[in-house]
Amino acid sequence: MKLKNIIYISLAGVLTLTSCNSLLDIPQKGVLNFDTFYRTDEDAEAAIIACYSQLRNLEFSYRMGKEMLTDDFWAGGGARNDNADLEQLNEFTFGTDQTFLRGMFESYYGIIYKANVVLGHVTEETEIMRRARAEAKIFRAWAYFELITMWGNPPFVDHELEPSEYARPNGTTEELWGLVERDLTEAISSGSLTEKSSVNDKTWRVTKQFAQAILGKAYLWQKKNGEAAQVFNDIVDSQLYDLYSDYENILVGQGKQNCESIFESIRVDNTNNPYENFGLPSTGYNTVASMCHWRTGNMDLNPEEFASMGWGFLNPTRDLYDDFVKSEGTDGYRLNATLKTYAQMQERNNRIKAGMEIINEGYFMWKWRILRTDLPAAMDNSMAYCNNPRWMRFAEVLLCGAEANLLAGNQDKADAYYNRIRTRAQAATKSGVSLEDIKLEKRVEMCGEGTRFQDLVRWGDAENKLKNNGEKTPYLNSNGDVRWVKYNGDDTSRYGFKPKHKLLPYPGEELRLNKMIKQNPGW
């Protein structure tokens, strides 16, 4: 074959391959290009909405996990091992592969990652972009506040990581708290955050006052009491929030987005798809509500008033009830708006089925009851609950403010904030309130809202208050009688809060993937 023919054939082959390659060079569908995305207001809004959406992955572990680590609730259910993970948390017999703790830990870092994406790619060209960046700083700081106060020194991640950076060591206390304070102060001073126009205004966004509340808590946890007091005072002085008068309905559907809500997630009531309401990310159902609703398999509930499905976890302890009585008496308004005795439940046609039992000490959570009026018209069970998760209420601001002011030497402010809570509770007010007064008030006011465990640890009260968790388990029968069963034996080393529990264990799976993390002491 002549040389020129060989060259022509080779050239034709190259051109053919080039043509085929160009035809196959198709942009990948469904994948965002960081070089071209985040350039418009719509892109910035979509990016920050991802932070809000991440809360659906957090809610289940946050509610169930945090409350199990307190003296406020029994794990509950109809019998032992209905949910062994909850029982292990409640009894402090868990290890490093605890499901709920891993769920919280991963969800917090999911929030941090999405916040870092916003901060790494969204510019400050427009007001919407600036707001997105300010909100991302709030979400990142909030997630780190939770991680620091429960795990201590988690990995410090303030930007999107390259693959070579995935193995991150523990952060230092200084850099972690420094990031929290810096993010929040920058967001607050940005002038870009949403604020309500009046006390009865509604907003679904994180606000300047929510950022201030997290900053105040960060100061309080670090014993920067003067700074904390000033931040909480600023929120109160804004007069944009007030205590909701109807405490009995403060956490049910009709109390959504009331004047006390500092921040809550908004559930969509989609009549075409009632199961759209979020819960466990793997199911799409609002599993939190079903887990906490009364044990309908073992109970007959008033069908005209309550949802028909529930698994009966998180049942109040007698110790919590006794503190309510100590705070406001046996017939206290807030007590009866929060808890019901078994006798009171029976008066409303709710009772345990004959011959059956539930893990319960004789008290039922009323504050988060699931009313039929809070369900879509086409449904009658709590798997399609339309209510909104509340992440922070103004009552918490007042109680943290009372504590910070007391410790900073501002007794009058401490008394004023404490007594606003007492007045709404229709309980006696007092002057010269003590830290013990505020501790008691915070327990009963905020029970079931994810504050107790971190409070007990920072106050140094956890070991005393939680040392007997796991000693025995109560079973309540249809006659109202309680029998007690021991599952962990008489060896107190096998259950209850120990010094190592002051810091939760880093998830075992995380340590297996990241050899740079140093496990917390005792684990």
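The values are calculated or read from the model by the stated rules, or taken from the named source; none is laboratory data. Since this is a predicted model, take the numbers as computed values, not measurements. Using ideal geometry, Cβ is built from the backbone for each residue, glycine included, and neighbour counts are taken over all protein chains shown. Each accessible area value is taken on the protein alone, full model and side chains, heavy atoms only, with ligands, DNA and RNA left out. Shrake-Rupley method; radii C 1.70, N 1.55, O 1.52, S 1.80 Å.
Assorted remarks:
- Residue within region 156-164 that is assigned to a helix (DSSP H, G or I) and either hydrophobic (A, V, I, L, M, F, W, C) or at pLDDT 95 or above (or both) present: no
- Considering residues of region 81-123 that are aromatic (Phe, Trp, Tyr) and in a helix (DSSP H, G or I) only, the residue farthest from residue 471 (Cα to Cα): 113
- Of all residues in region 53-70 being among the hydrophobic types (A, V, I, L, M, F, W, C) and either touching a strand residue (DSSP E or B) at 6+ places or on another chain (Cβ under 8 Å) or touching a residue at least 60 places away in the same chain (Cβ under 8 Å) (or both), the one that is most open to solvent (accessible area, probe 1.4 Å): 60
- Scanning region 480-505 for residues that are exposed (fewer than 13 other Cβ atoms within 10 Å of the Cβ), outside any strand (DSSP E or B) and without any contact (Cβ under 8 Å) to a residue 24 or more places away in the chain yields 481, 486, 489, 490, 491, 493.
- Qualifying residue in region 382-397 (condition: of a type in the set (Asp, Glu), under 30 Å from residue 205 (Cα atoms) and either in contact (Cβ under 8 Å) with a residue 60 or more places away in the chain or surrounded by fewer than 20 Cβ atoms within 10 Å (Cβ to Cβ) (or both)): yes
- Segments classed as helices (runs of 4 or more DSSP H), wholly inside region 286-359, with at least 2 members that are within 25 Å of the chain's Cα centre (by Cα) and of a type in the set (Phe, Trp, Tyr): 318-328
- Residue check, residue 181 out of contact with any Cys (no Cβ under 8 Å at 6 or more places or on another chain), among the acidic types (Asp, Glu) and more than 25 Å from residue 405 (Cβ to Cβ): no
- Restricting region 180-222 to residues that are of a type in the set (S, T, N, Q) and more than 25 Å from residue 454 (Cβ to Cβ), the residue that is nearest to the chain's Cα centre (by Cα): 203
- Screening region 361-389 for residues that are assigned to a loop (DSSP other than H, G, I, E, B) and of a type in the set (A, V, I, L, M) and picking the one that is modelled with the lowest pLDDT gives 378.
- Matching residues, region 202-214, being open to solvent by 10 Å² or more (accessible area, probe 1.4 Å) and farther than 14 Å from residue 236 by Cα: 202, 203, 204, 205
- Among the conditions (1) over 28 Å from residue 88 (Cα atoms); (2) β-branched (Val, Ile, Thr); (3) crowded, with 22+ Cβ neighbours inside 10 Å, the only one that residue 359 does not satisfy is (1).
- When restricted to residues that are open to solvent by less than 80 Å² (accessible area, probe 1.4 Å) and closer than 30 Å to residue 74 by Cβ, region 506-523 contains 9.
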